[in-house]
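So the structure is just underneath, and the comments pick up after that.
The values are calculated or read from the model by the stated rules, or taken from the named source; none is laboratory data. Predicted model, so just to flag it, every value in this text is computed and none were measured. Positions of Cβ are backbone-derived with ideal geometry, glycine not excepted, and every protein chain shown enters the neighbour counts. Each accessible area value is taken on the protein alone, full model and side chains, heavy atoms only, with ligands, DNA and RNA left out. Shrake-Rupley method; radii C 1.70, N 1.55, O 1.52, S 1.80 Å.
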Amino acid sequence: MSRHKKKTTQPKEWYRLDNAAKIYPVIMRSRHGGYFRLAVLLHEPVDPAILQQALEATLKRFPFFAVRLRRGLFWYYLESYDGKPMIEPDVQNPMRPWTRKEIKKYLFRVRYDQRRISVEFFHALTDGNGGLVFLKTLTAAYLRLRGRFCGIGAGALDINRPADSGEMEDAYKRYSDFRVVHRPRETKAFHLQGTIMPGHWLQIISGVLPLDRVKSVARSYGISVTEFLAGVYLYQLYRIQQQGGYNTLAPVRLSIPVNVRRFYPSKTLRNFSLYVNPGILPAFGTYTLEEIFGLVHHFMRYTVNEKYLNALMCANVGPEQSIWLRLAPLPLKNMVMRLVYHFVGESRFTSSLSNLGPVDMPEGMAEAVERFEFLLGPSRYNPVNCAVVSTGNQLLVSFSSTMIETDAQRAFFKELVRMGIPVRVESNTLYPEVD
Amino acid sequence: MSYCVNCGVELDRSEKACPLCGVEVLNPRQPYDDQAPRPYPKRLDPIYARINRRFTAAILSIAAAFPAVLCLAINFILDGGLTWSFYVAGALAVVWVFVVPYFLYAKPTILKIFLPDVLAVSLYLLLISKLQADGSWFLTLAMPMVILTCGLILLNIVLIDAGTIYGFAIPASILISAGILTVGVELIINLELIGRLQLGWSLYVLIPTLAVAAFFLTVARRQSIREEIRKRLHL
Ligand SMILES: [Zn+2]
């Protein structure tokens, strides 16, 4: 009895937002705040009752995901929330903006449809890699409850063990060493324009590609898969810019998140990604696809290393430690952050390309899984964004777009077909019912 | 397996048309199957955007109604009747008409927003004229001015919105309208005060606005002037 009483009077656990997460509640108000979606397509139909059970069991292992967003006087923070997490049926228009009411519950949505389990995350909670750990742990728990064998490891956590405090650390703060601060000087980039989809509809067009084929074509240019996809995408955006009545001199730039866990021994399941923005400057002259491949390749070599990334990280963490910014009340901070985001955030790149890479799975999971899926949510200034993930030999490239025009997506996939890579396309297009 | 003849990509069984270009799939061997497994089910997630706008409209209405009711009450208690509080309540009603319709329409158009504003201003002026002993100025001064001003604004908005006026012609059109408005205002005032149409000070406004407008129009037409000269004088 006393134990029960103690439990109810205990102060609620709370967590600070990590450095990258701080911006998301601020931009959320424009209904374009950072969301992303991870899904797993199984071979067998999903049993909702068992999935519900698996979710409840999994969430106990992720106490820092069982939170809601609250406003403090100076900062937003995450407060632990013990309401029952509910699964919901999947929809044709995923990643609907979180409403004010929903923010007060969980910052993720677990959905199911036929053979698919999907989780939509609010970026303040975690990044793609943290989200993938959650999805894999959930899938493993689900499969085990279905009576299948599924091991742990390869990103699927043991739900019978308590959470590790290292999993909830702000790794940015911990690892930025302030040897040097580097803030890349970038001017406003080219932006696609078009007709905005009505009703916050997010148009999703995905292409399924054979990974081995993509790899061999990329290798023939001496570059990695991410660099190859980024190069093709940049080239097509550049061609649209040159032909589409846009300012033909504005830089065309992509934002590519880098998983910084690769460089530090952090176990964190919160945000720990940094963004590098390769691009081309059409003012310098005409570019060929091969030249763009070279530029992207060398840019990635120059930036994706521990020293450069640490300098970037320090530039992000630095302002957060300024006593003046910290003392500013939250509404004022929101105004400042929204302005900063407007000028140096999304306006500096044309589109995002996020590659989670090949997903590895624990023993027993691969037999039950057809593929993983990854989607980026809508963003404020860039109507089209691209998310990439691969499972086995299936490379899935998903474009999510807030506008009706599909020029960029079409040019991208057509270019791949031209290079001899077969593409199978699927979408969430709403076809009118025929009777 | 169906391929888009336009894009060269293979289409998933669930696609009725190519999502990239909209060209419909016409494969006699494999017609579109409505029952094919879809990557996203047909269920739609409701969007709450409208509700939030309505909520904002409700909040604004309450914020406007509260001081209005308060003033009417104070006026009634202190003076035993409603006198000055009508000015306050009327002004708040005008503000309400200016702001709230914007939140009520899903697709606000110029006419839907602008015409209620004109009506509200006219009614407010009528209210003031009725509250005064001699309210004859409403018909002779207020209404002509409201009609003239709103007519000019509406004309500009419609022409700019339709793309008839664009680029440097926009400031020219606004300046010409301002000039006409000044002249019109003086004529209306003179008709009321001295009983005849006479022009004086407004010409000092009209002439500079026309001069600057002419400059803008020349700049706007520069391209076409050059073309015209080339066409007629080419060797
Ligand atoms: Zn097509």
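Below are the figures for this structure:
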quantity: Residue tally, condition touching a strand residue (DSSP E or B) at 6+ places or on another chain (Cβ under 6 Å), surrounded by fewer than 17 Cβ atoms within 10 Å (Cβ to Cβ) and within 11 Å of another protein chain (Cβ to nearest Cβ), over the range B:18-41; calculated: 1
quantity: Residue in the range B:56-63 that is within 14 Å of chain A (Cβ to nearest Cβ) and under 30 Å from B:Leu127 (Cβ atoms) present; calculated: yes
quantity: Per-region count, the range A:204-249, residues in a loop (DSSP other than H, G, I, E, B) and over 19 Å from A:Gln394 (Cβ atoms); calculated: 9
quantity: Residue list for the range B:1-17, restricted to those being more than 7 Å from chain A (Cβ to nearest Cβ) and within 16 Å of A:Ser206 (Cβ to Cβ); calculated: B:Cys4, B:Arg13, B:Ala17
quantity: Selected residue (criterion: modelled with the lowest pLDDT) from residues of the range B:1-59 that are within 16 Å of the ligand (Cβ to nearest atom) and polar (S, T, N, Q); calculated: B:Asn27
quantity: Test: residue in the range A:267-286 that is in contact with a helix residue (DSSP H, G or I) (Cβ under 7 Å, 6 or more places away or on another chain) and open to solvent by 60 Å² or more (accessible area, probe 1.4 Å); calculated: yes
quantity: Selection from the range A:61-93 of residues that are within 20 Å of A:Thr139 (Cα to Cα), within 14 Å of chain B (Cβ to nearest Cβ) and part of a loop (DSSP other than H, G, I, E, B); calculated: A:Asp90, A:Val91
quantity: The one condition in (1) away from chain A (no Cβ under 14 Å); (2) among the hydroxyl-bearing types (Ser, Thr, Tyr); (3) under 30 Å from A:Met403 (Cα atoms); (4) part of a loop (DSSP other than H, G, I, E, B) that B:Thr83 fails to fulfil; calculated: (3)
quantity: From A:Thr126, A:Thr139, residue being part of a helix (DSSP H, G or I), more than 14 Å from every other protein chain (Cβ to nearest Cβ) and modelled with pLDDT of 90 or more; calculated: A:Thr139
quantity: One residue from A:Lys173, A:Lys101 being out of contact with any Lys or Arg (no Cβ under 8 Å at 6 or more places or on another chain), more than 14 Å from every other protein chain (Cβ to nearest Cβ), of a type in the set (D, E, K, R) and part of a helix (DSSP H, G or I); calculated: A:Lys173
quantity: Qualifying residue in the range A:379-400 (condition: within 11 Å of another protein chain (Cβ to nearest Cβ), closer than 19 Å to A:Leu234 by Cβ and either assigned to a loop (DSSP other than H, G, I, E, B) or not aliphatic (A, V, I, L, M) (or both)); calculated: yes
